[in-house]
Amino acid sequence: MAPPLLHLQDTHLTIGGQSLLGGTELAVHESDAIALVGRNGSGKSTLLKIAANIVEPDKGERFFQPGTTLRYLPQEPDLSAYETTLAYVEDGLTEGDAHYRAQYLLEELGLTGHENPSDISGGEARRAALARVLAPEPDILLLDEPTNHLDLPAIEWLESELRQIRSAKVIISHDRRFLENLTRTTVWIDRGTARRSSRGFAHFEAWRDEIFAQEEVEEQKLKQKILAEEDWIRYGVTARRKRNVRRLGELHTLRHKKQQMAQNRPQGDVKMAASEGETSGKSVVKAKEISKAYEGRNIVKDFSMEILRGDRIGIVGPNGAGKSTLINLLTGGLEPDSGTIKLGTNLQMMTLDQKRESLNPDWTLKEALTSHGGDMIQVGDTSRHVVSYMKDFLFRPEQARSPIGVLSGGERGRLMLARALAKPSNILVLDEPTNDLDLETLDLLQEVINDYSGTVILVSHDRDFLDRIVTSTLFAEGDGKWIEYAGGYSDMVAQRGTGVEARKATAKTKPVKESHSSKEEELKQRKALTFKDKHLLETLPIKMEEIQGKIDRLRKRLEDPDLFTKDPETFNKAAKALEAQEELLEKAEEKWLELEIMQEELGES
């Protein structure tokens, strides 16, 4: 194997008197696609910063292949030194890089390039930072939570973009589907050390559980050996004094080893359980032809549905589609412009605030949980000591008097869950509940929701979480139109025939449909193809080939004469998918032909 482009060896780092990394190793080879995983606080982001040469370790070696290019995506990018988002992205380019990619990537991520960094949101800053690291197509990409603040269209576009570039990639993400689709290697930061698997994240959980099981077996063997040694010391032949002394020394060594194993056990799991209230009526929400518009723009238009007790509804769509507005309408927090909303009887609603706005940073952890500063917290029908309840969510007893302002994003997420799940309810309204949670906590939150007997309304950009939780999906089709699809996110994509499209930068005025003559006039005025047109001209043939391959496979599957008889559902899904792919191919061919003609007429061929 060729030497790595980047190699961290024997990396040690201690923060606040506690060892974070102890002899950790990370090797990145050409074209690697690595999932860097571990619990919140395990040192993943710190290791990535050491790899990017931003943080200096206490000890260790960092080898970086001469001539290699590297770009690092931080969780909180700083654009304050730049006049526009385009200037920020272009500043990351070097001689020989394709400068057109700066504008192209910004537009694909929903920006124009003219935005003033002082006026943009955290999500827009994140998109600009993504464009900056992707534009040069470096040899190594270090990506720390690249899907944060991105909506579903942007996440799926980013996946496609990362597949196409040849950069070696090291990715930290809580988005399971994103990691499963992109990675071929997994590096697991566990108790200060790094374990490496030659398989992608899709195989991580089975690998992790196997390691934990092996450790448990080894610890049981050690316990049995200690018991045997203790028995020998008590009842062995006392005349063989020297041998006894040696065996006693060995026993002390075994006990010390057992103590170390106990200290190095994996951290405990979060223990979650939702406090359920009284049973609601059978009909929870009944909406009839409701509409809501802002400044002439339809957010919800002529929408009707009935949510029954026990339903799990997922709401998806791009940022700005009106997901929060729809939730507020369905839960009675907002009056529709027209139509009627009827809420069911005996509802006890619990809403999880995605922005953590209800947490006062000056509160202590204890105050946030008890609301009155006492030592007890009411969890459903049970009164529990606050420290005991804190432990269920992986908080240490000494953190009880810590101000919320010093908590990490993941800890604030767990605190919000602890507060919310203590309240009795029969309807959960969860707006992006997966933000900042590690993978193990996500697993347990999923179990809590699956065991919950009430109704769940969930907004999320996490495709895997949606697939595991919801029974039907509401999708924003545009212009206030919302359609309900049976099943999770993947089922919705299968029924629609295609996923969501990347969000584009929008103009200030409403676009009008162009006539044939206006297109000809535009062509006369245009002196050259745009950057985006050139990119499409290069990539569409590859895309058409991929689509044709999917069509061929689907046709071959449908040729099976027994498929419809044995599995009519699979046959129907395949038929719908074939129709959708054929439509995609037709559109791609039309676009490519249009660009070819345009290139000829502009004399650029």
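Read-outs: derived from the displayed coordinates by stated rules, not from any lab. A quick note: this is a predicted structure, and the numbers were derived from the prediction, not measured. For neighbour counting, all protein chains shown are included, and Cβ atoms are generated from backbone atoms with ideal geometry for every residue, glycine included.
Observations, loosely collected:
- Sorting SER118, SER280 by the number of Cβ atoms found within 10 Å of their own Cβ, with the fewest placed first, yields SER118, SER280.
- Hydrodynamic analysis of region 6-205 uses the Kirkwood radius over alpha carbon pairs. Inserted into Stokes-Einstein at 37 °C and 0.692 mPa s, it gives a translational diffusion coefficient of 189 µm²/s.
- Among the listed pairs LYS366/LYS391; LYS288/LYS576; LYS532/LYS576; LYS288/LYS481; LYS44/LYS169; LYS286/LYS481, those whose Cα-Cα separation exceeds 19 Å are LYS288/LYS576; LYS532/LYS576.
- Calculated SAXS-style log₁₀ I(q)/I(0) at q = 0.19, 0.29, 0.32 Å⁻¹ - region 123-163, Debye, Cα scatterers: -0.53, -1.22, -1.39
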